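Below is one structure, written out as structure tokens, with a few remarks after it.
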Amino acid sequence: QCQLNGLWRNDQDSLMEISVLRDNGDFQGQYLTRVTLSGGCAQISPLRGAQQQPGEEGWPTFAFTVRWDKFSNATTAFVGQCFVDAGGKEMLRTMWLLREAVGSLEDDWKATR
């Protein structure tokens with residue numbers, strides 16, 4: 001069974017810690033990007049999300065947002081699923097969208113990555 005709570009590291013060495021996982025699937029934690037770490041000004045950004053209650057296989061889907069308010073005017077939304085590989089290692093597979101604030105409707109086209 002896959003558990004979301006704990007410390008996670010991605011392929012880019014960003015760190016995510018899910019410290020509170022409630023019975024209803026809501027969770028919160030913090031995210032620290034590699035960009036922030038390499039820039040010498042490590043800032044922790046809050047995250048909040050929810051997981052679908054795991055079924056019999058115990059591989060829940062989830063979604064969370066990270067607000068980068070201490071060093072960027074952007075928000076990122078992640079969606080994914082937790083898996084356990086053949087060796088017993090838990091891993092998260094996610095997709096994300098980052099939205100930056102822009103100054104005008106004409107610049108909207110370049111605000112989402």
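The values are calculated or read from the model by the stated rules, or taken from the named source; none is laboratory data. In this text the structure is predicted, and so the values were computed from the model without any measurement. Neighbour counts are summed over all protein chains in view; Cβ atoms, including those assigned to glycine, are modelled from backbone coordinates with ideal geometry. SASA here: full protein model, heavy atoms, side chains in, ligands and nucleic acids out. Shrake-Rupley method; radii C 1.70, N 1.55, O 1.52, S 1.80 Å.
Looking at the range 1-36, which of the residues that are surrounded by 15 or more Cβ atoms within 10 Å (Cβ to Cβ) and not in a strand (DSSP E or B) is modelled with the lowest pLDDT? Of everything passing the filter in the range 1-36, THR36 is modelled with the lowest pLDDT. Listed by first and then second residue, the pairs linking a residue in the range 3-25 that is under 14 Å from THR94 (Cβ atoms) to a residue that is among the hydroxyl-bearing types (Ser, Thr, Tyr) and assigned to a loop (DSSP other than H, G, I, E, B), with Cβ atoms under 7 Å apart and 6 or more places separating them unless they lie on different chains, are SER14/THR33.
Counting only strands (runs of 3 or more DSSP E) that sit wholly inside the range 46-113, those with at least 2 residues that are open to solvent by 70 Å² or more (accessible area, probe 1.4 Å), of a type in the set (A, V, I, L, M, F, W, C) and in contact with a strand residue (DSSP E or B) (Cβ under 9 Å, 6 or more places away or on another chain) are 90-100. Scanning the range 82-113 for residues being among the hydroxyl-bearing types (Ser, Thr, Tyr) and out of contact with any Lys or Arg (no Cβ under 8 Å at 6 or more places or on another chain) gives a total of 2. Filtered by the rule that a residue be touching a strand residue (DSSP E or B) at 6+ places or on another chain (Cβ under 9 Å) and among the acidic types (Asp, Glu), the range 7-26 gives GLU17, ASP26.
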